[in-house]
Structure formats: C-alpha cells, structure tokens
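The block underneath contains the structure these notes are about, expressed in structure tokens.
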Amino acid sequence: MSRDERVFNPLSYHRGSVWPHDNSLTAHGMALYEFREPANQLFTALYQAALNFRDYRLPELFCGIERREHDEPVQYPVSCSPQAWASGAMFLMLRACLGIYPDAPRRTLRIVNPHLPEWMSEVTLRGMRVGSSRVSLHFTRTGEGCFVAVTETRGNPLALHIDVGTGNPES
C-alpha cells in the first residue's frame with residue numbers, strides 16, 4: 001500500500017507493513033514479464049533488511065517505516081520469526097532474478113535472461129533437483145549480463161535451455 005493512501009499506517013498489520021513473502025511473489029511476477037530491474041530492487045531491499053535481523057532471518061513481516069540512510073527495519077511486535085513463508089522469500093526472489101524454470105515432467109530446465117543484483121557477483125546452486133535429475137549451476141555477473149555454467153549433472157538426462165533474448169519463459 002502506498003504511503004499516499006489515506007488509510008496507510010506503517011505500523012498496521014495489513015495497511016503498511018512489509019511482508020517478505022508477498023514481495024517475493026511480486027518480484028517473481030515482475031520477472032515473468034521481464035521486469036528484472038524492479039525484481040532486483042525488491043531482492044536487494046529484502047536482502048538489506050535481512051542483514052538487520054537476528055541470524056539474517058526475515059520475519060513474517062516488519063513495519064513499513066520509510067527507509068532513510070543508516071535506518072534499520074522496525075520489528076513488528078508480534079511477528080513470527082522464523083516463519084516458513086518468509087524463509088522461502090529469498091529463494092523465490094533468487095529464482096526470479098536467475099530466470100530458473102524447472103519442468104520435471106518434461107525433464108527440462110529453462111534459464112531465461114539470468115541477472116544478478118549489483119551486490120552479488122556470483123552464486124552457485126548445487127544439486128538442484130528437477131524430477132529425478134540433479135544439476136549444479138554457477139552464475140557469474142558480467143557487466144549488465146549474467147553467464148551460467150553447468151558444473152554437474154546427475155540422474156536421468158535433463159534438457160537444459162538457456163534463453164538470453166526476451167520472451168515469456170512459459171511459452
């Protein structure tokens with residue numbers, strides 16, 4: 001909810017607080033439609049917020065106070081932490097930024113226009129399961145783009161498609 005809305009309250013449970021899992025769904029949707037930069041901005045903001053929580057665990061929600069330099073996120077008093085939805089948020093955002101689309105029934109893994117945010121120069125995913133196959137991937141940021149290398153495969157054969165053009169990954 002925008003702070004310009006009359007009912008906005010940054011301390012309210014549903015009228016201004018920040019929910020990590022909602023933001024991850026938003027980022028995933030943005031990435032599906034090739035809005036990678038806004039998805040990366042959400043990923044970056046939640047990563048920076050996580051740095052301020054105990055054990056880097058994002059809580060269920062936190063207060064939506066306007067962020068200024070040197071500010072820390074404001075804890076929501078009765079927020080659960082750890083919380084299952086919030087713990088999966090960073091993984092869905094990473095998947096969105098890397099453009100990973102597994103299709104186990106077809107034994108296919110598509111990677112569409114992978115991107116890494118500025119603060120992450122590389123990431124390795126080891127033993128990612130796609131059906132009865134496992135694959136390890138290494139992503140490296142290269143300027144504005146991203147290079148992906150398959151470092152290991154195990155199990156049944158897996159078709160890997162890497163698309164660096166634009167287009168809907170679901171097609």
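The values are calculated or read from the model by the stated rules, or taken from the named source; none is laboratory data. Just so you know, these numbers come straight off a predicted model, no measurement behind them. Neighbour counts run over all protein chains shown; Cβ positions are idealised from the backbone, glycine included.
Structural remarks
- Filter result (within 16 Å of the chain's Cα centre (by Cα) and exposed (fewer than 14 other Cβ atoms within 10 Å of the Cβ)) within region 61-93: ALA84, PHE91
- In region 75-90, the residues that are outside any loop (DSSP other than H, G, I, E, B), in contact (Cβ under 8 Å) with a residue 60 or more places away in the chain and either more than 21 Å from LEU25 (Cα to Cα) or aromatic (Phe, Trp, Tyr) (or both): TRP85
- Any hit, region 22-36, residues being among the charged types (D, E, K, R), surrounded by fewer than 17 Cβ atoms within 10 Å (Cβ to Cβ), modelled with pLDDT under 90 and under 22 Å from ASN113 (Cα atoms): yes
- Residue satisfying all of: in region 130-156; in a strand (DSSP E or B) and polar (S, T, N, Q); nearest to PRO102 (Cα to Cα) among these: SER133
- Residues satisfying the stated conditions in region 4-31, i.e. aliphatic (A, V, I, L, M), touching a Phe, Trp or Tyr at 6+ places or on another chain (Cβ under 8 Å) and part of a helix (DSSP H, G or I): ALA27
- Condition check for ALA104: out of contact with any Leu (no Cβ under 7 Å at 6 or more places or on another chain), among the small types (Gly, Ala, Ser), exposed (fewer than 14 other Cβ atoms within 10 Å of the Cβ) and touching a residue at least 12 places away in the same chain (Cβ under 8 Å): yes
- Unique residue being in contact with a Phe, Trp or Tyr (Cβ under 9 Å, 6 or more places away or on another chain), at pLDDT 95 or above and over 26 Å from LEU42 (Cβ atoms) when the list is THR108, THR140, THR124: THR108
- Residues that are over 14 Å from the mean Cα position of the chain (by Cα) and assigned to a strand (DSSP E or B), drawn from region 94-124: PRO102, ASP103, THR108, LEU109, ARG110, ILE111, VAL112, GLU122, THR124
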